[in-house]
Amino acid sequence: MIKHLVFGVAAVAVAASAVAFLGGKSGLKAGDRVTPFHPSHVSGPLAGTDNCFPCTFQNRPQVQVWINGDSAANVVKIAAGLQKQIDANKGKEFKAMVVWLTDDVNAAKPTLKKVLAESGAKDVALAALSKKDDAVDAYKMSLASDVKNTVYVYKNWKVEASMVNLVADDKGLVALNGAIANVVK
């Protein structure tokens, strides 16, 4: 049985920014800055391009979910939850992206199209990126098998909250939604 640990991202807003953490260390932390990178977008606002998501949407509140071997079922639930947040926060121009790390970008595209079909996440950018891309190091991504996903919630290029191994159950989505609420204020 996997244990869920809950920890506060910021002492000032512990309850609002609590996140589900299942183990593994990966990614940027609160206070770090996201950087430009160019994934292959399969769907969403940048579909058919390799445009930089943070560059395109600049200072808007955003989420990036980097996938490293997570189950398609969990990714579908995460994407669906992000679509709900995009719909709820249209006036605040909230943007969200799922980055599928892969050894073969073209081979990952059918999986991303399946995620799109099953999640209905038409406004979530679904993209593939090679595990060998420089962005993997720039974002401090762990490619260890125990790290299934890494989530960044940010605004103005600054990470406000990060999560590793987010499970898209009620508890996990409440934590993610709380972190999003903090950046769309």
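The values are calculated or read from the model by the stated rules, or taken from the named source; none is laboratory data. Being a predicted model, the structure only gives us computed values, none of them experimental. For neighbour counting, all protein chains shown are included, and Cβ atoms are generated from backbone atoms with ideal geometry for every residue, glycine included. Calculation scope for accessible area: heavy atoms of the full protein, side chains included, ligands and nucleic acids excluded. Shrake-Rupley method; radii C 1.70, N 1.55, O 1.52, S 1.80 Å.
Just one of the listed residues (Gly81, Gly69) is modelled with pLDDT under 95, small (Gly, Ala, Ser) and within 20 Å of Met163 (Cα to Cα), namely Gly69. Only one of the numbered conditions (1) farther than 19 Å from Gly27 by Cβ; (2) of a type in the set (S, T, N, Q); (3) in contact (Cβ under 8 Å) with a residue 40 or more places away in the chain is violated by Thr111, and that is (3).
Quick grid of which residues meet (1) open to solvent by 10 Å² or more (accessible area, probe 1.4 Å); (2) out of contact with any helix residue (DSSP H, G or I) (no Cβ under 7 Å at 6 or more places or on another chain); (3) at pLDDT 95 or above:
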| site | (1), (2), (3) |
| --- | --- |
| Cys55 | yes, yes, yes |
| Asn74 | yes, yes, yes |
| Phe94 | no, no, yes |
| Val115 | no, no, yes |
| Ser130 | yes, no, yes |
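Selection of region 132-153 for residues being under 19 Å from Leu82 (Cβ atoms) and open to solvent by 60 Å² or more (accessible area, probe 1.4 Å) yields only Lys148. All of (1) part of a helix (DSSP H, G or I); (2) surrounded by fewer than 17 Cβ atoms within 10 Å (Cβ to Cβ) hold for Ile180 with one exception: (2).
Starting from residues that are in a strand (DSSP E or B) and open to solvent by less than 20 Å² (accessible area, probe 1.4 Å), keep the ones in region 154-177 and report whichever is farthest from Gly91 (Cα to Cα). Per the criteria, the residue is Val164.
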